[in-house]
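Input: a single structure, listed below in structure tokens.
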Amino acid sequence: MDPFSSEGELLNMHNAFHSGQYQDVIDFETAAFSTENQTPARLLKLRSQIALGQTNEVLSSLSNSENDPDLASIQALAQQAAGNTDAALQLTQDLAENYPENVNVQVLGAIVLQAHGNSEEALALLSKHQGSLEAVALIVQIHLQQNRADLAVKEVQSAKRWAQDSLLVNLAESWVGLRVGGEKYQSAFYVYEELASAPSTSTPLSIVGQAVAELHLGRLPEAEAALNTALERYPTDTELIANSIVLNVLAGKPSEELESQLQQIDPSHALLADIEEKGAFFDTAAAKYSPKVSS
């Protein structure tokens, strides 16, 4: 494979990864890739394994990665996914101190740091990037989690000047659109609709995005149809289940069965934690009042 062809195939792997086609990334034939593209291809495969829950396999394959910042950053991500969070944070901070200019240390380290609530530390690390679209996308996500949509908008606008047609930039703009609202809901819907309608990019990620946009547009039946169809294909996808729970609440339908299903698959899911927290707030508030019974 010539270098230009190898570059194009690596881009296809990136697009497949960021659209949630993890098994396709793992199955990608990379033996003929150029030497310089072998490492990024391997990292994408390892990250796809982590996304599919194959963390033990990844950790076993990285037992001697201490002197390679690229592989060590993958190791930290796998440790975080496996629940060994203290080790993941320590390794990430060591890598950030010793290899702050390494793009994989920046991106994967930021994921781990953000998972620990260290948003400013993650942003500081990502700010060192030199033209990494994935770093841009993570910066946007962190700003949105900080409820700083204004900063997320600026980041997207800046990236569009040099990467207008990138899948990641389009996705980042859609995330911002779903937060900003108004006419941006429809723009975000178009992006996800295009992804969900194409066989090569129709994944839980794209379908959830389409359904969330439908919800914001008040089109509950359309959102329900999209989610139900996707759940038939991906019955254990936690984000599909979580968004189906939200839809049922909005539609006034029971969601206990879906909540139980999500509890079995991912008991630490953010939606379940939020439901438990809100329930505790309600119980605390209700305890302040006692019913008055007239004799």
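The values are calculated or read from the model by the stated rules, or taken from the named source; none is laboratory data. The structure presented is a predicted model; accordingly, all values stated were derived computationally and were not measured. Methodologically, a virtual Cβ is constructed for each residue, glycine included, from the backbone with ideal geometry; neighbour enumeration extends over all protein chains shown. Keep in mind that these areas ignore ligands, DNA and RNA; they rest on the heavy atoms of the full protein, side chains included. Shrake-Rupley method; radii C 1.70, N 1.55, O 1.52, S 1.80 Å.
Could you give the angle, 0 to 90 degrees to the nearest 10, between helix 103-115's Cα long axis and the longest principal axis of the Cα atoms of the chain?
20 degrees
Ratio of the range 76-198's C-alpha Rg to 2.2 N^0.38 Å, to two decimals? Please list the in-between numbers first.
Details: Rg = 15.4 Å, N = 123, 2.2 N^0.38 = 13.7 Å.
Its radius of gyration relative to the 2.2 N^0.38 Å reference: 1.12.
Over the chain, with the other protein chains present, what is the accessible area per residue in square angstrom, probe 1.4 angstrom? Kindly include the intermediate steps, with their values, before the conclusion.
Numbers: 15880 Å² over 295 residues.
Heavy-atom SASA per residue in the chain reads 54 Å².
When the accessible area of the chain is computed with all protein chains present and a 1.4 Å probe, what percentage of it is carbon and sulfur? The partial results should precede the final answer.
Details: 8080 of 15880 Å².
C and S fraction of accessible area: 51 percent.
What are the extents of the Cα atoms of the range 1-114 along their three principal axes, in Å, largest first?
Cα spread of the range 1-114 along its principal axes, largest to smallest: 41, 28, 25 Å.
Let's test the formula: R0 of 22 Å, r as the Cβ-Cβ distance of Ala87 and Ser127. What FRET efficiency results, to the nearest 0.05? Don't skip to the end; give the middle numbers.
Numbers: r = 25 Å, r/R0 = 1.16.
Given R0 = 22 Å and the Cβ-Cβ separation, E is 0.30.
Calculate how steeply helix 35-51 sits against the longest principal axis of the alpha-carbon atoms of the chain, using the helix alpha-carbon long axis, and give the answer as 0 to 90 degrees to the nearest 10.
The angle comes out at about 20 degrees.
Would you mind getting me the FRET efficiency between Leu217 and Glu97? Use the beta-carbon distance for r and R0 = 35 Å, nearest 0.05.
The value I calculate is 0.15.
How do Glu259, Glu276 stack up against each other in accessible area, from largest to smallest, with a 1.4 angstrom probe?
Numbers: Glu259 55, Glu276 135 Å².
Reading off the accessible areas and sorting them downward yields Glu276, Glu259.
Heads up, I need the accessible area for Glu121: 1.4 angstrom probe, whole protein in place, Å², nearest 10.
Accessible area of Glu121: about 80 Å².
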